[in-house]
Amino acid sequence: MNTISNKRLNFRVEAEAPGTKARASRLITLHNEVETPVFMPVATRGVIRTQDMAAVHELGFPVLLANTYHLLIRPGTEVFRKFGGIHKFMNWERSVLTDSGGFQVFSLPNAVKITEEGAAFRSYHDGVTILLSPEKSIETQRYIGSDIMMAMDQCIPSTSEYGKCEESVELTARWAGRSLAARGDSPQSIFGIVQGACYPELRKRSAEQITSLPFDGYAIGGLAVGETGNERNDITELTASLLPADYPRYLMGVGTPIDLLEAVHRGVDMFDCILPTSHGQQGVAYTTQGIIELRRGVYKFSDKPIDENCSCPACRRYSRGYIHHLIKTGEYYGGNLVGIHNLTFYRNLMSSMRSHIIAGDFYSYYLEQRDILVRGDENHPPVPTRVKKHKNIMSLGNYEIMKQEGGFHSIRHVSSGEVMHSVTDPVIEAKRLYVDQLNMAETLSSHRDESFVIWDVGLGAGTNAMATVREFEKLFGEGGELPHLRIISFENDLDSLRLAVKNPSLFPHVKHPAPAAILNNAKWRSARLPVEWILLEGDFREHAAYADTPHCIYYDPFSLHTDTPLWRYSLFRELHEKCSGTKTMLFTYSSSTQVRGALLAAGFYVGRGAGTGPKSETTAAFSMPEACPPWIELLDREWLGRFERSSSKHGADCSDDEKSEIERRVLEHPQFDNS
């Protein structure tokens, strides 16, 4: 096979494996030659998180992906004009692919105004309104100087209804033409993107529209955003078959090693994903024997490397026991080591797939690896396969169980000393603080025609989410007309939930299929009710940017002292931006002046929440005044006076400028105009 296509990339298919659509190709960008299949690590802001770029360069990755949306906001196009492009700016001599910025904008659907012209949104950096049009996106990518630019598209959840997906396909086609025209005579390559969610007829229509335009390559967009693995494979196979064989095919934002194997089998050439490093931060490592989770106690005394078949720096120098220690103590170096190991694994996987394609035996390799790549951590399964009679396990990782005076049990975070629900039974507190204040029966009835999304920030032992599931089941049993309920939990350490699941006699709320499913599969969906629960494990700030916009937020991380980054004014500003245009409620146990001030400065309207345990009141906040229910009393000028007099209204790490900004925004907040 020796097929040559467009002049800009000099793309050549060198081999196709029998019994499969897998192919090995070669293309030449402005900076280097690229062999496919190829994985492109994600350098969102010009750097791969937790990694030394020299080490990544040494691994030999020929292409990195950078994010137009974030680079437009900071450092901005003027910086790239000054430096002559991103390659000199970040000292990277190989290729760079930039996305259009569309996915990041559209992941906040209620914080952006979409018109034919483009997408208008407010910068999370300085609040300035930016119109990201196809022309603006391409102009920015030209300043960045990437080797491969992406046309601007509209990405929506793959589970969206047909009408919305059809509109997205048509808008994507019109924007594709404008993006291509905006490229002009630039020597940079540009790829068009096929949309259409999981509707075959829309995928066919979009493919016809996009491939009719003279792009240099074609991408499959709109996947890994809600569909099942089987749906993703089917749509990938269909869409790849609709793309011209003599052009590169790129599956955007995907994914795990098994996702890459399945997509190469279906004829895809190029991939990107944040998982190697984001999972690395969580201690999740990909190995030639399957996935291992290094935060688990079974590795505490292990002197083995992560993978005995790997020669990465982490495997050459350190034991699983040492890396387990780094991950459990939250040391940055732990994420660095597991991240470089995972990147090495991805590089080796792509190289191995290419070798087997060229050798002609890829299909047998595919069948073998398909089973290996999905193996879980067999040394320490996350949930017992059956209930056994045994003594209660009273500690796990950084958590231990404590019996309280009221006869109920709580979980203590050992390193901080914080106890989850130390005074009131966790189930009672979850219902009073979150479920009752949400007033599910009345609130959900007003959303019958749409999904209702709840964010559960700080999953912990799963008490808040399960209180919500139980209440939903009760309302459904009473004959209530309810919308589809989607609970999204955020957590970076699942040991507290694992500990509760191991002790159902002490934590009755886990006696339900949902908690075990969350630990096993990161999702649970009721077989009979319109309710699902999803886990996003890892950094909250990263996941929040892409998660569905919430109608309600249970804000329940550890305290201001223990989890300081999650209570900062800057994070609350991002949350408010996320919820812009949506009537969003936020409930939290904290009633501190600092937290309330940060919420107000971020733009929320803030009131007194229900008392619980030793607290006479908690905090309720709202993205707009219309979201505030009549049973919540907003803070008045009397509280504002206390705020002005307070000596603890700022975080200890606030700069003087940030302190001034918080005070100004609180004092000027319209909430206090008529109080």
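The values are calculated or read from the model by the stated rules, or taken from the named source; none is laboratory data. Since the structure is predicted, the reported quantities are computational estimates derived from the model, not experimental observations. Don't worry about glycine lacking a Cβ; one is built from the backbone with ideal geometry, like all the others, and counts go over all protein chains shown.
Of everything in segment 478-509, what is farther than 22 Å from D548 by Cβ, touching a residue at least 60 places away in the same chain (Cβ under 8 Å) and of a type in the set (D, E, K, R)? Give them in sequence order.
D493, D495, R498, K502
In this structure, is T68 farther than 16 Å from S278 by Cα, assigned by TED's automatic domain parsing to the domain that holds L261, polar (S, T, N, Q) and in contact with a Gly (Cβ under 9 Å, 6 or more places away or on another chain)? Steps first, answer last, please.
On the way: farther than 16 Å from S278 by Cα: yes; assigned by TED's automatic domain parsing to the domain that holds L261: yes; polar (S, T, N, Q): yes; in contact with a Gly (Cβ under 9 Å, 6 or more places away or on another chain): yes.
Yes: the conditions hold for T68.
Enumerate the pairs (first residue in segment 278-289 and within 17 Å of D495 (Cβ to Cβ); second residue anywhere and surrounded by fewer than 21 Cβ atoms within 10 Å (Cβ to Cβ) and of a type in the set (A, V, I, L, M)) with beta-carbon separation below 8 Å, excluding pairs fewer than 6 apart on the same chain, so at least 6 apart or on different chains.
V284/I291
In segment 478-510, which residues are within 25 Å of the chain's Cα centre (by Cα) and either aromatic (F, W, Y) or more than 30 Å from E542 (Cβ to Cβ) (or both)?
F490, the sole residue that qualifies.
Pick from segment 215-250 the residues that are assigned to a loop (DSSP other than H, G, I, E, B) and under 21 Å from the mean Cα position of the chain (by Cα): which of them is surrounded by the fewest Cβ atoms within 10 Å (Cβ to Cβ)?
Top of the filtered list is T228.
List, please: which pairs have Cβ atoms under 6 Å, are six or more places apart or on different chains, and start with a residue in segment 175-195 that is part of a helix (DSSP H, G or I) and end with one that is surrounded by fewer than 24 Cβ atoms within 10 Å (Cβ to Cβ) and among the small types (G, A, S)?
Filtered contacts from segment 175-195: no entries.
Counting only residues that are touching a strand residue (DSSP E or B) at 6+ places or on another chain (Cβ under 9 Å) and crowded, with 20+ Cβ neighbours inside 10 Å, which one in segment 467-481 is nearest to F558 (Cα to Cα)?
Here is the first cut: in segment 467-481, the residues touching a strand residue (DSSP E or B) at 6+ places or on another chain (Cβ under 9 Å) are 468-469, 472-473, 476.
Then keep just the ones that are crowded, with 20+ Cβ neighbours inside 10 Å; that gives 468-469, 472.
Values: T468: 20, V469: 22, F472: 26 Å.
Among residues in segment 467-481 that are touching a strand residue (DSSP E or B) at 6+ places or on another chain (Cβ under 9 Å) and crowded, with 20+ Cβ neighbours inside 10 Å, the one nearest to F558 (Cα to Cα) is T468.
Do you know which residues across segment 629-675 are free of Cβ contacts under 8 Å to residues at least 12 places away in the same chain and either touching a His at 6+ places or on another chain (Cβ under 9 Å) or of a type in the set (V, I, T) (or both)?
Once the filter is applied, which keeps residues that are free of Cβ contacts under 8 Å to residues at least 12 places away in the same chain and either touching a His at 6+ places or on another chain (Cβ under 9 Å) or of a type in the set (V, I, T) (or both), segment 629-675 yields only K659.
Of all residues in segment 511-557 being β-branched (V, I, T) and within 15 Å of the chain's Cα centre (by Cα), which is surrounded by the fewest Cβ atoms within 10 Å (Cβ to Cβ)?
Among those residues, the one meeting the criterion is T549.
Have a look at R45, R26 and point out the one that is among the basic types (K, R) and touching a helix residue (DSSP H, G or I) at 6+ places or on another chain (Cβ under 7 Å).
R45
Within segment 116-166, can you find the residues that are β-branched (V, I, T), out of contact with any Phe, Trp or Tyr (no Cβ under 8 Å at 6 or more places or on another chain) and surrounded by 22 or more Cβ atoms within 10 Å (Cβ to Cβ)?
I138, T140
What's the number of the only condition in (1) under 17 Å from Q282 (Cα atoms); (2) out of contact with any Leu (no Cβ under 7 Å at 6 or more places or on another chain); (3) in contact (Cβ under 8 Å) with a residue 24 or more places away in the chain that A314 fails to meet?
Unmet for A314, out of (1) under 17 Å from Q282 (Cα atoms); (2) out of contact with any Leu (no Cβ under 7 Å at 6 or more places or on another chain); (3) in contact (Cβ under 8 Å) with a residue 24 or more places away in the chain: (2).
Might you check whether a residue that is of a type in the set (G, A, S) and under 23 Å from T172 (Cα atoms) occurs anywhere in segment 280-291?
At the first step, the residues of segment 280-291 found to be of a type in the set (G, A, S) are 280, 283, 285, 290.
Remaining after also requiring under 23 Å from T172 (Cα atoms): none.
Scanning segment 280-291 turns up no residue that is of a type in the set (G, A, S) and under 23 Å from T172 (Cα atoms).
Taking segment 441-456, which residues are in contact with a helix residue (DSSP H, G or I) (Cβ under 7 Å, 6 or more places away or on another chain), surrounded by 22 or more Cβ atoms within 10 Å (Cβ to Cβ) and not acidic (D, E)?
Within segment 441-456, F452, I454 qualify.
When you check A601 against the structure, is it farther than 21 Å from D653 by Cβ and of a type outside the set (V, I, T), yes or no?
When the stated conditions are applied, A601 does not pass them.
Is it the case, given these coordinates, that L560 is in the same structural domain as R596 (by TED's automatic domain parsing) and part of a loop (DSSP other than H, G, I, E, B)?
yes
Of the conditions (1) outside any loop (DSSP other than H, G, I, E, B); (2) outside the structural domain of V531 (by TED's automatic domain parsing); (3) modelled with pLDDT under 90; (4) acidic (D, E), E405 clears all except one; give me its number.
Unmet condition: (1).
If I filter segment 609-617 for residues that are surrounded by 15 or more Cβ atoms within 10 Å (Cβ to Cβ) and of a type in the set (D, E, K, R), do I get at least one hit?
Yes - at least one qualifying residue is present in segment 609-617.
Just to be sure before I move on: is D259 among the acidic types (D, E), closer than 21 Å to I357 by Cβ and either touching an Asp or Glu at 6+ places or on another chain (Cβ under 7 Å) or not in a helix (DSSP H, G or I) (or both) in the structure I sent?
The answer is no for D259.
How many of the residues in segment 37-89 are closer than 22 Å to Y333 by Cβ and either of a type outside the set (D, E, K, R) or in contact with a strand residue (DSSP E or B) (Cβ under 9 Å, 6 or more places away or on another chain) (or both)?
Counting residues in segment 37-89 that are closer than 22 Å to Y333 by Cβ and either of a type outside the set (D, E, K, R) or in contact with a strand residue (DSSP E or B) (Cβ under 9 Å, 6 or more places away or on another chain) (or both) gives 18.
Report the residue count in segment 117-154 for those that are part of a loop (DSSP other than H, G, I, E, B), over 21 Å from R8 (Cα atoms) and not aliphatic (A, V, I, L, M).
Residues flagged as part of a loop (DSSP other than H, G, I, E, B), over 21 Å from R8 (Cα atoms) and not aliphatic (A, V, I, L, M) within segment 117-154 amount to 10.
Being of a type outside the set (D, E), farther than 16 Å from L536 by Cβ and assigned to a loop (DSSP other than H, G, I, E, B): is that true of L475 here?
Criteria not met by L475.
Any chance you could count how many residues in segment 28-61 are over 18 Å from Y247 (Cβ atoms) and not in a helix (DSSP H, G or I)?
The total comes to 17.
If I ask for residues that are in a helix (DSSP H, G or I) and surrounded by 19 or more Cβ atoms within 10 Å (Cβ to Cβ), which ones from segment 62-88 would you list?
Within segment 62-88, T68, Y69, L71, L72, I73, F80, I86, H87 meet the criteria.
How about segment 579-675: which strands (runs of 3 or more DSSP E) wholly inside it have at least 1 residues that are within 31 Å of the chain's Cα centre (by Cα) and of a type in the set (S, T, N, Q)?
585-588, 618-622
Check V423, V435, V427, V453 and return the single one that is in a helix (DSSP H, G or I), touching a residue at least 60 places away in the same chain (Cβ under 8 Å) and not charged (D, E, K, R).
Details: V423 fails: in a helix (DSSP H, G or I); V435 fails: touching a residue at least 60 places away in the same chain (Cβ under 8 Å); V453 fails: in a helix (DSSP H, G or I).
Result of the check over V423, V435, V427, V453: V427.
Give G339, G280 a once-over and let me know the one that is modelled with pLDDT under 95 and under 22 Å from the mean Cα position of the chain (by Cα).
Every option except G280 fails the conditions.
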